[in-house]
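Here the structure comes first, spelled out in structure tokens, and everything after it is commentary.
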Amino acid sequence: MSGQEIERKFLVRGERYRELAVSSSRIRQNYIMSSKGVSVRVRIRDDKGFLTIKGPAGEGKLSRYEFETEITLDEARHLLELCRPGGIDKRRYLVPSPDGKHTFEVDEFYGFNAGLVMAEVELGSEDEPFEKLDFIGLEVTGDPHFYNSHMLRNPYLMWRNKMPAEYRHLKLETGEDDAATR
């Protein structure tokens with residue numbers, strides 16, 4: 001897949017997204033390179049590997065170029081060994097909007113980013129309307145603190161106490177204990 005990615009990001013309140021989700025998957029990812037808004041990401045999502053290149057955010061920071069291709073799981077594992085230490089570990093829930101026009105991807109982060117839950121919705125145009133679900137909170141589109149590549153260097157653990165309490169999901173620690181039951 002390649003083309004222009006247009007998305008908006010939001011912080012999530014509560015845990016209602018779990019009961020509304022139609023599926024979930026475990027994601028582990030890291031970056032080979034991330035500078036000046038360009039990132040090269042390696043991702044393992046359940047049992048599939050992906051290589052993604054994202055360009056810098058455009059005017060208004062809603063859209064950016066994205067190229068993604070599936071690679072073998074073995075290739076993804078080898079490429080992850082080339083990445084900087086650490087990585088992003090999260091569970092992604094897919095939550096359709098009631099009108100069926102959009103799907104929110106809700107990410108629960110683990111490890112050093114534990115307690116952060118974000119939702120994003122991809123749009124066909126920057127001004128496309130969409131229905132917000134009740135758990136959607138503060139918009140953080142364009143805020144670099146909430147880019148996965150940024151959270152490798154400045155994890156949520158270091159600054160979560162500066163966030164409003166309703167956005168601190170402190171009981172999400174590692175994601176290992178209950179991941180198999182989701």
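Every number here is computed from the coordinates shown, using simple stated rules; none is lab data. Small disclaimer: the values here were computed from a predicted structure and weren't measured. So basically every Cβ, Gly included, is an ideal-geometry build from the backbone, and we count neighbours across all protein chains shown.
Things to note:
- The modelled label-to-label distance between Ser97 and Ser23, using points 7 Å beyond Cα along the C-beta direction, is 2.1 nm.
- Cα gyration tensor category, rounded, prolate or oblate, for region 1-82 with a/c compared to 1.5: oblate
- Per-residue ellipticity at 222 nm from helix content only, as computed over the chain with -39500 (n - 2.57) for each DSSP H run of at least four residues, stands at -3000 deg cm²/dmol.
- Within region 103-138, the chymotrypsin sites (Phe, Trp or Tyr not before Pro) that combine a DSSP coil assignment with at most 16 other C-beta atoms in a 10 angstrom radius are Phe130.
- For the chain: lysine pairs under 19 Å (alpha-carbon distance), excluding those fewer than 8 apart on one chain: 12
- Semi-axes of the equivalent ellipsoid for the chain, Cα gyration tensor, largest first, Å: 23, 20, 17
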